[in-house]
Amino acid sequence: MSGAVIVQYKGFEAKPLTREYTFNVREAGEDREFRLNIANDAFVSHRASYQDAPGICALKLQIELDTYSNHPPKTQYDISGAELDNYKQARLPKSGRKAQQNF
C-alpha cells in the first residue's frame, strides 16, 4: 500500500457537555483514532449545526494532520468558538459576507 493517509468518520457520541466525533486515520497499515469535541452550547446557540459538525471536525483534523506531517501530538481536540466562527464565515455566500461587513 502507498503512503496515502485515509481518514474515516466513525460517528459521534452525545455526552452531557459535548458531542464527541470519532475519526480513524490509517497510514502505512497503522490505525489511529482521533476524537474531536464540540460543546453542546455551540449547537443550542446556533454557532454550529448538527449537519455541519462532522465537516467542522474533519477540517480541524486535516489541519492537525497537515501541520504535524500526519502525526499530531494529541488524539483529542476541542473545537473552539473561533474555529466555529471561521468555518461559518468561510461558507457564507460572497454577497452575504459583504452585507455582514457593512453592519
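The values are calculated or read from the model by the stated rules, or taken from the named source; none is laboratory data. Computed from a predicted structure; not experimentally measured. Virtual Cβ from ideal backbone geometry, glycine too; neighbours counted across all protein chains shown.
Here are the numbers for the structure shown:
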item: Whichever residue in segment 39-59 is touching a strand residue (DSSP E or B) at 6+ places or on another chain (Cβ under 7 Å) and not aliphatic (A, V, I, L, M) and, among such residues, is surrounded by the fewest Cβ atoms within 10 Å (Cβ to Cβ); result: N40
item: Among residues of segment 40-76, those that are of a type in the set (D, E, K, R) and either part of a loop (DSSP other than H, G, I, E, B) or within 9 Å of the chain's Cα centre (by Cα) (or both), counted; result: 4
item: Residues being at pLDDT 95 or above, more than 12 Å from the chain's Cα centre (by Cα) and crowded, with 17+ Cβ neighbours inside 10 Å - total across segment 13-38; result: 2
item: One residue from A58, A42, A28 being under 24 Å from G3 (Cβ atoms) and in contact with a Gly (Cβ under 8 Å, 6 or more places away or on another chain); result: A28
item: Subset of segment 1-39 (residues that are part of a strand (DSSP E or B), among the basic types (K, R) and either touching a Lys or Arg at 6+ places or on another chain (Cβ under 9 Å) or over 16 Å from P73 (Cα atoms) (or both)); result: K10, R19, R26, R32
item: Options E64, E83; residue that is farther than 13 Å from A39 by Cα and surrounded by 13 or more Cβ atoms within 10 Å (Cβ to Cβ); result: E64
